[in-house]
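Undergrad: First the structure, which I've put down as structure tokens, then a few questions once you've had a look.
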Amino acid sequence: MYSDLNISNPNSLSSNIANLFRKKDLAVSPTIACIDDSKTAQFFVQSILCPFGYQVLSITQPRQQLLELFNHQPDLILMDINLRDLNGYQLCQILHNSPTTKHIPIVMFTSETGIVPRIRAKFHSAISYLNKSCSPQDLIDTIEMAIAKFSRS
């Protein structure tokens, strides 16, 4: 899935990422919530975003950690569709309908392919859809675009 990166060695991955991208100059570190029960996906997201100055809130059990998500108020949510304890589409709709989280942009970050999951994600209020096999640059670009477009003033 993440074939262009060597994720077996965290030090190697971090230095690869640092070499690939320049560190962003951010006045405030945006917080990205990554809702995914896959430790590999969590590691991939953290390894890409942290060198850019992003803070990553890892949520592996959304049903049990929902309060944590409400308390942290991330700037953006990356969410898998296939979660063990809760369907990503349903969670997306719950978050969009809540006055506390409806302003937070949600990007579906999943291994699902095809047009149907993309349409369903849009229907359930996701602002974008990103496949887990994306390049690190695609992940950064999608997050930066979403934060710029939906930033809280």
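Read the figures in this text as sums done on the coordinates, not as results from a lab. Just so we're clear, the structure is a prediction, and the values are computed from it rather than from any experiment. Please note: Cβ atoms are built from the backbone with ideal geometry, for glycine as well, and neighbour counts cover all protein chains shown.
Undergrad: Taking square-rooted eigenvalues a ≥ b ≥ c of the alpha carbon gyration tensor, is region 37-150 rounded, prolate or oblate, where a/c under 1.5 means rounded and, failing that, a/b exceeding b/c means prolate?
TA: Rounded, since a/c falls under 1.5.
Undergrad: Just to verify a number: FRET efficiency for Lys122 and Phe43, C-beta to C-beta distance, R0 = 22 Å, to 0.05?
TA: 0.20
Undergrad: Just grab the label-to-label distance for Met145 and Leu86, each label 7 Å out from Cα along the Cβ direction, in nm (one decimal).
TA: It works out to 2.7 nm between the two label points.
Undergrad: If you don't mind, another one. State the antiparallel share, in %, of DSSP beta bridges confined to region 37-150, rounding to the nearest 5.
TA: If I count the DSSP bridges inside region 37-150, around 10 percent turn out antiparallel.
Undergrad: Whole-Hz ³J(HN,Hα) for each residue in region 43-51, computed from phi via Karplus 6.51 cos²θ - 1.76 cosθ + 1.60 with θ = phi - 60°, x for glycine and proline: what do you get?
TA: 5, 4, 4, 4, 5, 7, 7, 4, x
Undergrad: Sequence-distant or interchain residues sharing an amide H contact under 5 Å with Leu130, placed H: which?
TA: Correct list: Met108, Phe109, Thr110.
Undergrad: Okay, moving on. Under a 5 Å amide H to amide H cut-off, with H placed in plane at 1.01 Å, what residues pair with Leu83 once short-range neighbours are removed?
TA: The list, which skips near neighbours in sequence, is Gly88.
Undergrad: Amide H neighbours of Ser58 under 5 Å, counting only residues 5+ apart in sequence or on other chains, H built in-plane at 1.01 Å?
TA: Close amide H contacts, sequence-distant or interchain: Cys34.
Undergrad: Give me the count of lysine pairs in region 37-150 whose alpha carbons sit under 23 angstrom apart, restricted to pairs 8 or more positions apart or on different chains.
TA: 6
Undergrad: Around Gln61, with a cut-off of 11 angstrom between Cβ atoms, what is the net charge of the other residues, counting Lys and Arg +1 and Asp and Glu -1?
TA: -2
Undergrad: For the residue pair Ser111 and His72, what label-to-label distance in nm results when each label sits 7 Å from Cα along the Cα-to-beta-carbon direction?
TA: If labels sit at Ser111 and His72, their model points lie 2.3 nm apart.
Undergrad: Next question. For Gln93 paired with Gln64, estimate the spin-label separation in nm (one decimal), with each label point 7 Å from Cα along the Cα-to-Cβ line.
TA: 2.6
Undergrad: What net charge do the residues around Ser38 carry, taking every other residue with its C-beta under 15 Å from that of Ser38, with Lys and Arg at +1 and Asp and Glu at -1?
TA: For residues surrounding Ser38, the net value is -2.
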